[in-house]
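S.K.: Input: one structure, supplied below.
The values are calculated or read from the model by the stated rules, or taken from the named source; none is laboratory data. Because the structure is predicted, anything quoted here is derived from the model rather than measured. Neighbour counts run over all protein chains shown; Cβ positions are idealised from the backbone, glycine included. For the accessible areas, the whole protein counts, side chains as well, though only heavy atoms, and no ligand, DNA or RNA atoms are used. Shrake-Rupley method; radii C 1.70, N 1.55, O 1.52, S 1.80 Å.
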Amino acid sequence: MMAGTEFCGSIVIAVALVTLSLAVAEAGGPPVNYDEEKVPPYTLPDPLVMQDGTKVTSAEMWRTKRRPEILELFRTHVYGRSPAKPEALAFKVGDNEPKALGGKATRRQVTILFTGKDDGPKADLLLYLPNEAKKPGPAFLILNFQGNHAVHSDPAIRLSQNWHRDGKGVVKNKATEEARGAEASRFPLDRILARGYALATIYYGDIDPDFHDGFKNGVHPAFDMGKRQPHSWGAIAAWAWGLSRALDYLETDKDVDAKRVAVLGHSRLGKTALWAGAEDQRFAIVISNNSGAGGAALSKRFYGETVEVLNRNFPHWFCENFRKYSAKEADLPVDQHELVALSAPRPVYVASAVGDRWADPKGEFLSCLHADPVCRLLGTEGLPAKEMPGLDQPAMGAIGYHIRSGGHDLMAYDWDRYMDFADRHYGQR
Ligand code: GCU
């Protein structure tokens, strides 16, 4: 075990016992701390020590023993266990427009039939391929919050027929025209295409509507078959599983190099991207944008959103077992630096925003720092920073990290860094 409020490779034992004077996030709600001085001492599990105390001394040991052990712990205690790829999985390419966006892109809209049936759960994948780039080429795969039609004003993007929440937080049964293009600032398509990348996106509500209904809608009932366990998959695991099914499609698309698909997500969908990258090693690069608690931020560090707050406000995101750790983070057998480490040796990028204290930027940075020894053991560069970089000064190794000016959002600045990171890892194209 590693102890300390913070350390750089070696262990720093925290000695001070800190008296907590806490902010309360909501009336009667769990306490929330925003004061660095009031982060109490905590102990992190060492990603390079097996649960039985055996030290992990080789890449082979990591790959065959410790990585599977950590993955199982996350499945059992945090996100839940997802089903395998369905045998009946099917795809329907319903739109294939070679001259989309004024001729800049080829647009495809593909329905993913999760059970192979039209009347079963399904999701629309929207794909834009840069017409001027070599094919097959690399892609970014990302879930969106408001429907595929919200990522761009292109009138040909289909409206989702599923549960839908518009930008004002109003819940409707299906999407309406008013949200067309509403999330476009988070999807700078011109920049993405100009740099030779394809964009693939799915509306997360197609995979699983984001509210707690006892797992009766979305993909859960079709695969749970009425049997749920304390370790059964929650919504984050379902969204991540949907991303893997999208990758199954991309593997069949001759214009996409499925070996160069980066999975990316913002906020709750950043938590999802990290879990998708952990569960599915086909993703070439894993990117978490402002994912915070239950994502890149350390859980045992008492700052910003906590496990208790997550479980209280979003009981459907995680597996039932996770509730045992509300205000008992010390008992968690894992922490989120190990989630970051599960991406290794593949490149993984974590981004924070200075105004996003709720997501605990420092806790996100520390996750990267404490995942670094795993990268080093696996022979990659790890994180080229021992201290949190300055504002808008990205650190890029096999682990990338930046803290951006501004608040909780996915911005052009973030995308530019992710494309720099991908260029760096993919090399000449
Ligand atoms: C809330 C939640 C976060 C989450 C965010 C989002 O703020 O507390 O955990 O990341 O919503 O997904 O937008």
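S.K.: Give me the extension gain from ASN313 to THR64: residue separation times 0.36 nm, minus the current Cα-Cα distance, reported in nm with one decimal.
M.R.: 86.0 nm
S.K.: Put +1 on the Cβ of each Lys and Arg and -1 on the Cβ of each Asp and Glu in the stretch 10-426; which of ALA262, VAL350, PRO394 then has its Cα farthest toward the positive end of the dipole?
M.R.: Comparing the listed Cα positions along the dipole, ALA262 ranks first.
S.K.: By how many degrees, between 0 and 90 and to the nearest 10, does the Cα long axis of helix 235-250 differ from the longest principal axis of the chain?
M.R.: Helix 235-250 and the main axis of the chain meet at about 50 degrees.
S.K.: Hey, could you pull the Cα Rg and Dmax for the stretch 10-426, both in Å?
M.R.: 20.5, 64
S.K.: Another one. Within a Cβ distance under 13 Å of ILE285, other residues only, what is the Lys/Arg minus Asp/Glu net charge?
M.R.: +2
S.K.: Considering the chain as a Gaussian network with a 10 Å cut-off on Cα pairs, which listed residue, SER160, SER405, SER352, attains the greatest mean-square fluctuation?
M.R.: Per the Cα network of the chain with a 10 Å cutoff, SER405 tops the list.
S.K.: Please give, to one decimal in nm, the separation of the simple spin-label points placed at ALA88 and LYS386, each 7 Å out from Cα toward the Cβ.
M.R.: 5.8 nm
S.K.: Also, quick follow-up: Mind checking which of ILE287, ILE202, ILE70 has the largest fluctuation in a GNM of the chain, springs on alpha carbons under 10 Å?
M.R.: The residue with the greatest mean-square fluctuation here is ILE70.
S.K.: Hey, another quick one. I need the shape label for the stretch 357-429. Rule: rounded when a/c is under 1.5, else prolate if a/b > b/c, else oblate, with a, b, c from the alpha carbon gyration tensor.
M.R.: Oblate, because a/c is 1.5 or more while a/b does not exceed b/c.
S.K.: I've got another one for you. Using a 1.4 Å probe over the heavy atoms of the protein chains, calculate the carbon and sulfur portion of the accessible area of the stretch 136-212 as a whole percent.
M.R.: Solvent-exposed carbon and sulfur of the stretch 136-212 make up 53 percent of the total.
S.K.: Let me ask you something else. With contacts defined as alpha carbon pairs under 8 Å and 6 or more residues apart, what's the relative contact order of the stretch 65-125 in percent?
M.R.: 25 percent
S.K.: At SER326 and ASP416, where each label point lies 7 Å from the Cα along Cα→Cβ, what is the point-to-point distance in nanometres?
M.R.: 4.3 nm
S.K.: Please report the relative contact order for the chain, taking Cα pairs under 8 Å with a sequence separation of at least 6, and give it as a percent rounded to a whole number.
M.R.: The normalised contact order for the chain reaches 15 percent.
S.K.: In addition: Stretch ARG81-LYS168 to full length: gain in nm at 0.36 nm per residue minus the Cα-Cα span?
M.R.: Fully extending the segment from ARG81 to LYS168 adds 28.0 nm.
S.K.: Also: How many percent of the accessible area of the stretch 268-420 is carbon or sulfur, using a 1.4 Å probe?
M.R.: That share works out to 51 percent.
S.K.: So which lysines pass the test for LYS65, namely a Cα distance under 19 Å, with those fewer than 8 places away in the same chain ruled out?
M.R.: Hits, sequence-local ones excluded: LYS55.
S.K.: Using a simple charge model, +1 on the beta-carbon of Lys and Arg, -1 on the beta-carbon of Asp and Glu, nothing else, what dipole does the chain show about its Cα centre, in debye to the nearest 20?
M.R.: In total the dipole reaches around 800 debye.
S.K.: Continuing with the same structure: What residue among TRP233, THR111, GLY80 has its Cα farthest toward the positive end of the dipole of the stretch 10-426, where the charges are +1 on Lys, Arg and -1 on Asp, Glu, each on the Cβ?
M.R.: THR111
S.K.: Restricting the count to DSSP beta bridges whose residues both fall in the chain, what percent are antiparallel, rounded to a multiple of 5?
M.R.: 55 percent
S.K.: Give me the lysines in straight-line cross-link reach of LYS38: C-alpha distance below 27 Å, same-chain residues under 8 apart excluded.
M.R.: Within the straight-line limit of under 27 Å, LYS38 reaches these lysines: LYS271, LYS300, LYS324, LYS328, LYS362, LYS386.
S.K.: If you line up the long axis of helix 361-377 against the longest principal axis of the chain, both from Cα atoms, how many degrees apart are they, to the nearest 10?
M.R.: The two axes meet at around 90 degrees.
S.K.: Something else about it: Choose one of VAL340, HIS370, THR64: the residue whose Cα lies farthest towards the positive end of the charge dipole of the chain (beta-carbon charges +1 Lys, Arg; -1 Asp, Glu; about the Cα centre).
M.R.: THR64
S.K.: Further question on the same structure: Rounded to the nearest 0.05, what FRET efficiency do LYS254 and ALA222 have when you use their Cβ-Cβ distance and R0 = 35 Å?
M.R.: 0.75
S.K.: At R0 = 30 Å, how high is the FRET efficiency between ARG424 and GLU36 if r is their beta carbon distance? Nearest 0.05 is fine.
M.R.: 0.40
S.K.: Right, another one. How much accessible area per residue does the stretch 10-426 have, in Å², with a 1.4 Å probe?
M.R.: 38 Å²
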